[in-house]
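This report refers to the structure that appears directly beneath it.
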Amino acid sequence: MATLGNNRRVYIVTTASSTTTYTWLTGEQTNSFNLTSEAIETSDKSTEWAQFISGKKGATAEVTVYADDTNAQQQAALKALTTGADVKVFIGTLTGTSTKTPSEGDVFSAVVTAISDTNDNGSVATRSISLTANGAVTHYPAIS
């Protein structure tokens, strides 16, 4: 089933007292998420065509928001960039009324690799945040 892009959002994930909270990155305009796998060549002289196996996996994400230095989630990303700390991120859709849980998407710890602000004359200031997964990515629903 197709999902509208505005339904797949970026959330900062926090856990306190065994309660996990997913807080939307307020002012989000766009996001993208990319999973990758290195290709390791296994060809030898007897093969006419190149042959490969899957190698190290990785993921990157980009999110653009309206810049807001008072927003706690944007502050967390800025702090993580300057301190080198990871942020936990979920990109996807949540279900539930009071306790939201992932229904479709990906959760991962990430290093903030870049933040850039765009301040065009006559336009709302935007902030682009680049993330690189630090470790495994968990997909919802689970892939069997």
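The values are calculated or read from the model by the stated rules, or taken from the named source; none is laboratory data. Nothing here was measured: the structure is a model prediction, and the numbers come from that model. Glycine also receives a Cβ, built like all others from the backbone with ideal geometry; neighbour counts cover every protein chain displayed. Just the protein is used for accessible areas: all its heavy atoms, side chains included, with ligands, DNA and RNA removed. Shrake-Rupley method; radii C 1.70, N 1.55, O 1.52, S 1.80 Å.
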Accessible-area value, Glu38, 1.4 Å probe, nucleic acids and ligands omitted, Å²: 100
Whole-number accessible area per residue in Å² for the chain, which is evaluated in the context of all protein chains at 1.4 Å: 64
Given charges at beta-carbon only (K, R positive; D, E negative), |dipole| of segment 1-117 in Debye: 340
Portion, in percent, of the accessible area of the chain that falls on carbon or sulfur, probe 1.4 Å: 52
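What are the trypsin sites (Lys or Arg not before Pro) within segment 39-144 that DSSP puts in a loop, where the Cβ has at most 12 other Cβ atoms within 10 Å?
Details: sites: Lys45, Lys56, Lys57, Lys79, Lys88, Lys100, Arg127; in loops: Lys45, Lys100.
When the trypsin sites (Lys or Arg not before Pro) of segment 39-144 are filtered for loop state and at most 12 Cβ neighbours within 10 Å, Lys45 remain.
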For segment 91-97, Karplus couplings with θ = phi - 60° (6.51, -1.76, 1.60), whole Hz, Gly/Pro x: 10, x, 10, 10, 10, x, 9
Sequence of Val124, Val63 when ordered by accessible area, the most exposed leading, probe 1.4 angstrom: Val124, Val63
Other-chain or far-sequence residues with amide H under 5 Å of Asn134's (modelled H): Ser109, Ala110, Val111
Degrees, to the nearest 10: 72-83 long Cα axis against longest axis of the chain: 50
222 nm mean residue ellipticity, helices alone, for the chain (DSSP H n ≥ 4; -39,500 (n - 2.57); rounded to 500): -2500 deg cm²/dmol
Calculated FRET efficiency for the pair Thr99/Ser144, C-beta based, R₀ 22 Å, to 0.05: 0.30
Amide H partners (placed H, <5 Å) of Leu94, local residues excluded: Ser103
